[in-house]
Amino acid sequence: MKTIIEPFKIKSVEPIRFTSREEREEILKKAGYNPFLIHADDVIIDLLTDSGTSAMSAKQWAGIMEGDESYAGSKSFYRFEKMVKKITGMKHIIPTHQGRAAEKILFSITGGQGKFFPNNTHFDTTRANIEFSKAEAYDLLNEVGKHPEIRADFKGNMDTVALENFILQKGKENIPLCMITITNNSGGGQPVSIENIRETKKVCSKYGIPLFIDACRFAENAYFIKKREKGYQDKSILQIAQEIFSYADGVTMSAKKDALVNIGGFLALNDDSLAMNCRNLLIVTEGFPTYGGLAGRDLEAMAQGLEEILEESYLQYRVRSVEYLGEKLLSAGVPIIEPPGGHAIYIDAKRFLPDVLPEYFPGQAIVCALFLEGGIRTVEIGSVMFGKYDENGKLIAPPMELVRLAIPRRVYTQSHIDYVSEVVIDVFNKRESLKGFKIVYQAPMLRHFTALFEPL
Ligand SMILES: *Cc1c(COP(=O)(O)O)cnc(C)c1O
């Protein structure tokens, strides 16, 4: 088997500004040791997120010029609508400016006090929009998904037994919809099997509850199904995606992921009256239903991106390049969530720095060391992001302390990834010298974005 190469050539480049270790020391200090406060042009390799950071294709840029900016009935909308209908089979396609805008509209209408929403794992904006409506969000991930060191094919699966118990306990009339997130972003970018989606749908149908799919990484998930699930080897990515969505009653999507664009999203629905209510709210908060908070050119770029994401050579390269980084790290003994997911590598900070207690933020210590050593920007997903405190001010840590290395789509080449692995391994080899951090400033909500730290 030959090396799997990037299935594209580079037409336009963006320079990287190199910094010295001394400069990075200053930069980190000035940013209060928070990667979100570092200026992007001070970063050598930016693995903060895969959201909105994709490189667009020549055809997408051509689409930007072609975009029809008519207020109503733009031809770019109809191209976008046709593409989303082809993939999802949904009746109503409602564009939004990004994923959370689709969530905000959906949960403003379906949520509210006394309502409960199950999901394999809610993404943080999904949870925030549910809770903002005063409803409650529950994660019902299958057991194997909760163990970083266990290798399994579909660690994003919903626990369908727990789902049925949940419905019986909360009452089907209090559950407006059930959601399944593909791939499971917060759980390591792990895929969900078609069998599990079918099983989830069966449980939902038994109680008359609609099933929604959070489809941000549907194509990466479909590729894992093709590679790992029996009976799907000879199906195209489009066919697999169509089957996935055939079990759904609605879809939310952030196009900043698997539609290969820098901004965009949509809500897709089958139910006529829900769609009418959503469109009415869309007009108040986003815009007219044929542009929904976007420019015509954005709709054009999304339509084209959705075509390109279905190409198997792209997905093969995509999944392989993430796995390649994972293999390099594993062979040096660096503990990560196994197997590698579709869009990111997650370092297990608890095993990487066993002597730094969650109180002292082991993930943050690794994030800072990666920047200092190699100018690589990553993000902590652990006690900084999700830590809560009891009445005595003692930290209630989340189950996992992780550092996410999210890989932007079509942006970095194999040598960039080699460099990343060298830096991570270097930091791992001197892990004994890493110290924890303390927080010196934090906002009351979503503190990870703006908190300031000091090294211990
Ligand atoms: C990014 C993301 C969202 C929210 O989308 P935005 O475009 O960032 O608002 C929702 N769900 C999942 C799984 C995501 O990864």
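Summary of computed values
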{"read-out": "Residue list for segment 257-294, restricted to those being of a type in the set (Lys, Arg) and either over 28 Å from MET56 (Cβ atoms) or away from the ligand (no atom under 16 Å from the Cβ) (or both)", "value": "ARG279"}
{"read-out": "Condition check for VAL420: among the β-branched types (Val, Ile, Thr) and free of Cβ contacts under 8 Å to residues at least 60 places away in the same chain", "value": "no"}
{"read-out": "Residue check for SER254: within 16 Å of the ligand (Cβ to nearest atom) and over 17 Å from THR110 (Cβ atoms)", "value": "yes"}
{"read-out": "Test: residue in segment 372-393 that is at pLDDT 95 or above, over 30 Å from GLU220 (Cα atoms), of a type outside the set (S, T, N, Q) and not assigned by TED's automatic domain parsing to the domain that holds ARG151", "value": "yes"}
{"read-out": "Number of the exception - TYR360 against (1) within 16 Å of TYR33 (Cβ to Cβ); (2) surrounded by fewer than 23 Cβ atoms within 10 Å (Cβ to Cβ); (3) under 22 Å from the mean Cα position of the chain (by Cα)", "value": "(3)"}
{"read-out": "Residue within segment 238-249 that is of a type in the set (Val, Ile, Thr), more than 16 Å from the ligand (Cβ to nearest atom) and surrounded by fewer than 16 Cβ atoms within 10 Å (Cβ to Cβ) present", "value": "no"}
{"read-out": "Helices (runs of 4 or more DSSP H) (entirely within segment 96-187) containing at least 2 residues that are within 16 Å of the ligand (Cβ to nearest atom)", "value": "99-110, 124-132"}
{"read-out": "Residue in segment 216-231 that is touching a Ser or Thr at 6+ places or on another chain (Cβ under 9 Å), assigned by TED's automatic domain parsing to the domain that holds ASN120, away from the ligand (no atom under 16 Å from the Cβ) and among the β-branched types (Val, Ile, Thr) present", "value": "yes"}
{"read-out": "Sole residue being without any contact (Cβ under 8 Å) to a residue 24 or more places away in the chain and more than 19 Å from the chain's Cα centre (by Cα), chosen from GLU66, GLU81", "value": "GLU81"}
{"read-out": "Residue count, segment 328-357 (criterion: over 24 Å from the mean Cα position of the chain (by Cα) and either under 30 Å from ASP153 (Cβ atoms) or buried (at least 18 other Cβ atoms within 10 Å of the Cβ) (or both))", "value": "6"}
{"read-out": "Residues that are touching a strand residue (DSSP E or B) at 6+ places or on another chain (Cβ under 7 Å) and small (Gly, Ala, Ser), drawn from segment 234-258", "value": "ALA248, GLY250, SER254, ALA255"}
{"read-out": "Residue match in segment 198-217 (condition: assigned to a helix (DSSP H, G or I) and within 23 Å of SER51 (Cβ to Cβ))", "value": "no"}
{"read-out": "Some residue of segment 90-97 being farther than 16 Å from LEU299 by Cβ and surrounded by 24 or more Cβ atoms within 10 Å (Cβ to Cβ)", "value": "no"}
{"read-out": "Yes/no for ALA72 being within 16 Å of the ligand (Cβ to nearest atom), touching a residue at least 40 places away in the same chain (Cβ under 8 Å) and aliphatic (A, V, I, L, M)", "value": "no"}
{"read-out": "Any hit, segment 157-168, residues being within 20 Å of the chain's Cα centre (by Cα), among the aromatic types (Phe, Trp, Tyr) and surrounded by fewer than 20 Cβ atoms within 10 Å (Cβ to Cβ)", "value": "no"}
{"read-out": "Check on ILE376, more than 30 Å from LEU310 (Cβ to Cβ) and surrounded by 15 or more Cβ atoms within 10 Å (Cβ to Cβ)", "value": "yes"}
{"read-out": "Count - residues of segment 5-35 that are farther than 30 Å from VAL319 by Cα, of a type outside the set (Val, Ile, Thr) and assigned to a helix (DSSP H, G or I)", "value": "9"}
{"read-out": "Within segment 60-74, tally of residues that are within 13 Å of LEU294 (Cβ to Cβ) and in a helix (DSSP H, G or I)", "value": "2"}
{"read-out": "Test set (1) of a type in the set (Ser, Thr, Tyr); (2) away from the ligand (no atom under 16 Å from the Cβ); (3) closer than 19 Å to HIS416 by Cβ - TYR33 fails condition number", "value": "(3)"}
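The values are calculated or read from the model by the stated rules, or taken from the named source; none is laboratory data. Fair warning: this is a prediction, and the values are worked out from it, not measured in the lab. Virtual Cβ from ideal backbone geometry, glycine too; neighbours counted across all protein chains shown.
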